[in-house]
1. Take residues that are closer than 30 Å to T135 by Cβ and open to solvent by 20 Å² or more (accessible area, probe 1.4 Å) and tell me which of the helices (runs of 4 or more DSSP H) falling wholly in segment 1-102 contain 3 or more.
2. Select, from T170, T141, the only residue that is modelled with pLDDT under 95 and either surrounded by 20 or more Cβ atoms within 10 Å (Cβ to Cβ) or closer than 24 Å to G105 by Cβ (or both).
3. When you scan segment 112-132, do you find a residue that is at negative phi, aromatic (F, W, Y), within 10 Å of the ligand (Cβ to nearest atom) and modelled with pLDDT of 95 or more, even just one?
4. May I ask you to list the residues in segment 56-110 that are within 11 Å of the ligand (Cβ to nearest atom) and either aliphatic (A, V, I, L, M) or not assigned by TED's automatic domain parsing to the domain that holds S37 (or both)?
5. For segment 55-75, what are the residues that are under 11 Å from L104 (Cα atoms) and of a type in the set (G, A, S)?
6. Can you tell me how many residues within segment 301-356 are closer than 15 Å to M255 by Cβ, touching a Gly at 6+ places or on another chain (Cβ under 9 Å) and in a loop (DSSP other than H, G, I, E, B)?
7. Taking G251 as the residue in question, decide whether it is under 29 Å from F19 (Cα atoms) and either open to solvent by 30 Å² or more (accessible area, probe 1.4 Å) or touching a Lys or Arg at 6+ places or on another chain (Cβ under 7 Å) (or both).
8. How many of the residues in segment 133-164 are farther than 13 Å from T73 by Cβ, within 12 Å of the ligand (Cβ to nearest atom) and not in a strand (DSSP E or B)?
Amino acid sequence: MTDLAHGFTFPGITSRVIFGAGTLGQTAEEIGKLSRSRALVLSTPEQADAAKALAARLGGLCVGTFCDAAMHTPVAISERAVAQYRDLDADCVVSIGGGSTIGLGKAIATRTGADQIAIPTTYAGSEMTDILGETEGGQKTTRRDPSIRPEVVIYDVDLTLSLPAQMTVTSALNAIAHGVEAIYAPDANPILTLMALDAMRAFRDGLPRVADAPADKAARAQVLYGAWLCSTALGYVTMALHHKLAHVLGGSFDMPHAQTHAILLPHTAGFNAAALRDVMEPVAEIFGGSVGGGLWDFAQRTGAPMRLRDLGLSEADLDRAADIATRNPYHNPRPFDAGDIRALLQAAWEGARPET
Ligand code: NAD
C-alpha cells in the first residue's frame, strides 16, 4: 500500500459516471445536463450502425455522425472530424466505441473545446483518462492534460455483450495493466490502489465467466466495473515500463494494442514485482502464485494470446524495440538497462512463464 507516512495527494475524480444496463438511454439527458444541444456522434466504421442508431435516438440533439475513427488516433482523421464538427456547428461529441473512438473524441475536444460524452464498449480504459496518443508520419506521441478527460462516461453493460471473445480477454488484460501500474506509481494514493485491487478481483472472478458465457450480463457487468476502476486509476497516475513497452511496440512496430498489452503484462508485472514485494503482494494473492506467474496463468486460462511472435513480431526486431524503449529515461519502480528489457521482450516473444 501507499507509504502513508510519506504522504500522498488524492486528485479527486472529475468525470461524471453512469453505470448499468440500458444506460445508453440516458445520453440525451446527459447532453442536456451539459447545457449542450448539437452532438456529433463518433464511431469506427465497424460500429457505424450503433452510432447511427444512437443519432436517431437523440433526434434533434444530434447534428451528425462521423464513423471513421481508427486505432492510434491518426491526426489526418482527427482533422477531417474537426472540419465536420465545425461545419455542423456541433457543441459536443458523443463517442460510442473502444479506445479508438474515444481517442478521436479527445482529439476533437483538444482542438475545439468540445464537451465529451464517452460510451465505452471495450475494457481498454481510455474514457476516464486525461491521456491522448496521436499518430502522424509513423510516430505516436502521447500527452496529458485535464481538458482531454471526458466530462461524462456512460457504461452500458448491454453494449459490451457483442464484444468478440478474443477482444474481451485482451481488452480486460489491457485494463488490468492499468491497475497494476497504478499501485506502484510514484503518485499512487490509497483510494486508487483500493480501486485497482478491487478491479483485479472483479476481473479474476468475472472474466472466466464471460469467456464461458459471453452473454452472461451479470458477469459482463462485473468485468465492465473492473474496467471502470482501472481506467480511473490510470487517469490519475504516472505510467511506467509496461505502458512504455506497449507504446513502443504499437507505435514503432504497428503491433495491435490490446493483444500486445495482454502478452506483456505478466512479464512487466513480474519484472517489477521482483523489486516491490510488499506493494505487489496483493496482486499475487488475487491471481495466485507469483505476480507474473499468476497473471500468466490467468491469461492462459482465459484464452489470451501468449507470445509476441504470434502477432508477427520477428525475433530480430527485439533488439531495436529494447533500444527504443531505453533511449529516453522515464519512471519505473525497478531500475533497468537495455539488457533487462531485451530479456523481458525475449520471454514475452517466446511466451515463457515468468518466475517472479
Ligand atoms: P478499438 O477501439 O480499436 O476497437 C477494436 C475494434 O472492436 C473496432 O473495430 C471497434 O469498432 C470494435 N468494437 C469495439 N467495441 C465493440 C463491441 N462491443 N462489439 C463489437 N465490436 C466492438 O480497441 P480498444 O482496444 O478499445 O482501443 C485501442 C485504442 O485505444 C488504441 O489506439 C490505444 O492507444 C487507445 N487507448 C487509449 C487510452 C488512453 O488513456 N488514452 C487507454 C487505452 C487505450
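1. On the way: elements: 27-33, 48-58, 75-87.
In segment 1-102, 48-58, 75-87 are the helices (runs of 4 or more DSSP H) which contain 3 or more residues that are closer than 30 Å to T135 by Cβ and open to solvent by 20 Å² or more (accessible area, probe 1.4 Å).
2. Working: T170 fails: modelled with pLDDT under 95.
It is T141.
3. Within segment 112-132, the subset at negative phi is 112, 114-124, 126-132.
Pick out the ones that are also aromatic (F, W, Y) and you get 123.
Those left that are additionally within 10 Å of the ligand (Cβ to nearest atom): 123.
If we keep only those that are modelled with pLDDT of 95 or more as well, we get 123.
Within segment 112-132, one or more residues are at negative phi, aromatic (F, W, Y), within 10 Å of the ligand (Cβ to nearest atom) and modelled with pLDDT of 95 or more.
4. Of everything in segment 56-110, those that are within 11 Å of the ligand (Cβ to nearest atom) and either aliphatic (A, V, I, L, M) or not assigned by TED's automatic domain parsing to the domain that holds S37 (or both) turn out to be A69, A70, M71, I96, I102, L104, A107.
5. Of all residues in segment 55-75, those under 11 Å from L104 (Cα atoms) come to 66-75.
Selection gives A69, A70.
6. 3
7. Criteria not met by G251.
8. Final tally of qualifying residues: 11.
The values are calculated or read from the model by the stated rules, or taken from the named source; none is laboratory data. Quick caveat: nothing in here was measured; it's all calculated off a predicted structure. Glycine also receives a Cβ, built like all others from the backbone with ideal geometry; neighbour counts cover every protein chain displayed. Keep in mind that these areas ignore ligands, DNA and RNA; they rest on the heavy atoms of the full protein, side chains included. Shrake-Rupley method; radii C 1.70, N 1.55, O 1.52, S 1.80 Å.
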